[in-house]
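The structure appears right after this line, and notes come after that.
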Amino acid sequence: MKVYVPADAAARALGSDDVAAAVQAEAARRGLDLTLVRNGSRGMVWLEPLVEVERDGMRLAYGPATAADVAAILDDTSAKALGPTEDLPWMKKQTRLTFARVGLIDPLDMAHYRAEGGLVGLERALALPPTEIVQSVIDSGLRGRGGAGFPTGIKWKTVAEAKADQKYIVCNADEGDSGTFADRMLMEGDPFHLIEGMIIAGIAVGATRGYVYIRSEYPDAIRVMRAAVEVGRKAGLLGPSVLGSAYAFDIEIRVGAGAYVCGEETSLLNSLEGKRGVVRAKPPLPALEGFLGKPTVVNNVISLATVPVIFEKGAAFYRDFGLGRSRGTIPLQIAGNVRHGGLFEVAFGMGLGEIVNDIGGGTASGRPVKAVQVGGPLGAYFPSSLFDTPTCYESFASAEGLIGHAGIVVFDDTADMLKQARFAMEFCAIESCGKCTPCRIGAVRGVETIDRIARGDTAAIPLLTDLCNTMKAGSLCALGGFTPYPVMSALTHFPDDFARAKEAAE
Ligand SMILES: Cc1cc2nc3c(=O)[nH]c(=O)nc-3n(C[C@H](O)[C@H](O)[C@H](O)COP(=O)(O)O)c2cc1C
Ligand code: SF4
């Protein structure tokens, strides 16, 4: 008998370690020949800890499970039985490409990884000249999933064509956006997939060293990635000869101290070099002068972990999913005041309302949805009147918003959008690296101005608008440059919350 109990951080936070211990104790008590696998999460966080029991080759789900449920789960008499995992609506409605193996396999078992299609992408890429690897990534239409949506293949081409004695692949696993957890889930649930993507990137551009920069708040991801690198070295995946080829590639795991701005690529590079995490002016681009001044690919975890899929299934296969210039799939992270929170991978194009109401099941509080913030702390607040906006980079940009890293945070009608606007400005003031004036000073003045509005001084609203325009136009990076999105969207879509302050003051 095989039993799966996730060791994913979210599942652990909800008690999966106790459940795993209970499974082992019950098996010992009954003298059962039972294999316990600590897998990643299937992404249905509201059902965690989600226990799966393999019966007749089929995985049956039970959740949310407690230690007290274990005996009945093993007997298949539990009231928490949900049926075959793959038949759950949440699973069936997805197109799991990047997350195909997350939750399915034992994350550190290389044989299990291979048995589920792992390393096929790398083996196919190894048979191609580097220029063709780059071209396949361009053809796939893959765009960076870290936030900016820059075409991954074009970035690789710049690094590939740069002349240097050393080049680097840096994986951005800082994942600072509020309501996001895709990078963490991927690293904890399928670490070899990311390693495979980084190796392909290295071969494509001529880099022999890679770094994964992980925030310190992710201790489980750090542990799993470190262990996976060790397994990868022993398996000949990493080291002087990748899978017996002429290519060398190795990876080091680095831990960041957890500043939001250290997710910005140049700030991250400074931090990686042991310097203060301050944004560097561009040019030079990191692709030409990045880590230690050498040509460097900086890519998000999900961008890199999608690369093996492109080689396993073909660039055309991947490109066939999506909408407009947003190709492939996007792992949405649904969080906040929502009934069904979790990770949902789907082709670009699904409407925001469908995600929030059909997939997410509306608010957890049962009250009406008031706003949805998409794209982290720099993303706009969308009212329900914009729920027909399809998830693609262009549609979100034309609605004065951004998809970013695809975090979707739901708020019910008790949310005060003036307070949310203040929170956005305050976040920017706290997290600003201080390099440029519009952000360093502007965010502080922004908080003061919103406080004036909160005291009933609505005459300060044009001043806030003016300040936002200055921050947008004059900031050196997107922290100062995009903070106006949540602020202005709150003001534009929820004017009553700003006017109410005046009424209250009168
Ligand atoms: C303030 C700020 C924070 C950022 N945080 C992250 C982050 O946590 N993870 C990430 O991948 N990209 C983050 N980015 C985007 C990176 O600068 C960069 O665009 C990205 O790592 C490139 O990888 P991609 O092309 O694969 O998306 C951030 C950008 C800014 C301005
Ligand atoms: S916008 Fe803010 S975080 Fe970005 S460089 Fe300027 S001060 Fe630093």
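The values are calculated or read from the model by the stated rules, or taken from the named source; none is laboratory data. What you are looking at is a predicted structure, and each value in this text was computed from that prediction instead of being measured. All Cβ positions, even for glycine, are placed from backbone atoms using ideal geometry, and neighbour counts span all protein chains on display.
In this structure, is S303 closer than 21 Å to A207 by Cβ and touching a residue at least 24 places away in the same chain (Cβ under 8 Å)? So S303 passes the test.
Suppose we filter S489, S432, S475 for residues that are polar (S, T, N, Q) and touching a strand residue (DSSP E or B) at 6+ places or on another chain (Cβ under 9 Å); which single one remains?
On inspection, the qualifying residue turns out to be S489.
Conditions (1) crowded, with 20+ Cβ neighbours inside 10 Å; (2) away from ligand 1 (no atom under 16 Å from the Cβ), marked per residue:
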site	(1), (2)
T77	no, yes
R101	yes, yes
Y113	yes, yes
L128	no, yes
Q135	no, yes
G146	yes, no
T152	yes, no
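A count restricted to the range 425-437 and to residues that are hydrophobic (A, V, I, L, M, F, W, C), surrounded by fewer than 23 Cβ atoms within 10 Å (Cβ to Cβ) and either away from ligand 2 (no atom under 14 Å from the Cβ) or under 22 Å from F382 (Cα atoms) (or both) stands at 1.
With respect to the conditions (1) of a type in the set (A, V, I, L, M); (2) within 11 Å of ligand 1 (Cβ to nearest atom); (3) under 30 Å from A429 (Cβ atoms), V297 falls short on a single one, namely (3).
Please verify whether A204 is in a helix (DSSP H, G or I) and farther than 27 Å from L332 by Cα, treating the condition exactly as stated. Steps first, answer last, please.
Working: in a helix (DSSP H, G or I): yes; farther than 27 Å from L332 by Cα: yes.
Criteria met by A204.
All of S326, S267 fail the test of being touching a helix residue (DSSP H, G or I) at 6+ places or on another chain (Cβ under 6 Å) and within 16 Å of ligand 2 (Cβ to nearest atom), apart from S267.
For the range 225-246, a residue qualifies if it is touching a strand residue (DSSP E or B) at 6+ places or on another chain (Cβ under 8 Å) and assigned to a loop (DSSP other than H, G, I, E, B), and exactly one does: L238. Taking the conditions (1) touching a Ser or Thr at 6+ places or on another chain (Cβ under 8 Å); (2) surrounded by fewer than 16 Cβ atoms within 10 Å (Cβ to Cβ); (3) small (G, A, S) in turn, G239 satisfies each one other than (1). When residues in the range 265-302 are screened for being buried (at least 24 other Cβ atoms within 10 Å of the Cβ), assigned to a loop (DSSP other than H, G, I, E, B) and of a type in the set (V, I, T), 1 of them pass.
Identify, from the list R445, R422, R452, R440, the residue that is surrounded by fewer than 23 Cβ atoms within 10 Å (Cβ to Cβ), within 16 Å of ligand 1 (Cβ to nearest atom) and without any contact (Cβ under 8 Å) to a residue 60 or more places away in the chain.
Working: R445 fails: within 16 Å of ligand 1 (Cβ to nearest atom); R422 fails: within 16 Å of ligand 1 (Cβ to nearest atom); R452 fails: within 16 Å of ligand 1 (Cβ to nearest atom).
Just a single option satisfies the conditions, and that option is R440.
Under the condition of being of a type outside the set (V, I, T) and either within 16 Å of ligand 2 (Cβ to nearest atom) or in a strand (DSSP E or B) (or both), the residues counted in the range 207-224 number 5. Condition check: within 16 Å of ligand 2 (Cβ to nearest atom), part of a helix (DSSP H, G or I) and not basic (K, R). Does P486 satisfy that? So P486 fits the description; yes.
Can you confirm whether the range 469-485 contains a residue that is within 16 Å of ligand 1 (Cβ to nearest atom), farther than 29 Å from A257 by Cβ and within 32 Å of the chain's Cα centre (by Cα)? Within the range 469-485 (the criterion being within 16 Å of ligand 1 (Cβ to nearest atom), farther than 29 Å from A257 by Cβ and within 32 Å of the chain's Cα centre (by Cα)), the answer is yes, since at least one residue qualifies. Is it true that T77 is over 22 Å from the mean Cα position of the chain (by Cα), among the polar types (S, T, N, Q) and within 18 Å of S16 (Cα to Cα)? Against the criterion (over 22 Å from the mean Cα position of the chain (by Cα), among the polar types (S, T, N, Q) and within 18 Å of S16 (Cα to Cα)), T77 does not qualify.
For the range 451-467, does any single residue satisfy the condition of being touching a Cys at 6+ places or on another chain (Cβ under 9 Å) and either in a helix (DSSP H, G or I) or charged (D, E, K, R) (or both)? Talk me through it step by step, then tell me what you get.
First, pick out the residues of the range 451-467 that are touching a Cys at 6+ places or on another chain (Cβ under 9 Å): none.
Taking every residue of the range 451-467 in turn, none turns out to be touching a Cys at 6+ places or on another chain (Cβ under 9 Å) and either in a helix (DSSP H, G or I) or charged (D, E, K, R) (or both).
Would you check if L491 is in contact (Cβ under 8 Å) with a residue 24 or more places away in the chain, within 20 Å of S267 (Cβ to Cβ) and part of a helix (DSSP H, G or I)? In short, no. In the set (1) away from ligand 1 (no atom under 16 Å from the Cβ); (2) at pLDDT 95 or above; (3) in contact with a helix residue (DSSP H, G or I) (Cβ under 9 Å, 6 or more places away or on another chain), the condition left unmet by D413 is number (3). Among residues of the range 442-461 being farther than 24 Å from A478 by Cα and of a type in the set (V, I, T), the one that is farthest from the chain's Cα centre (by Cα) is T458.
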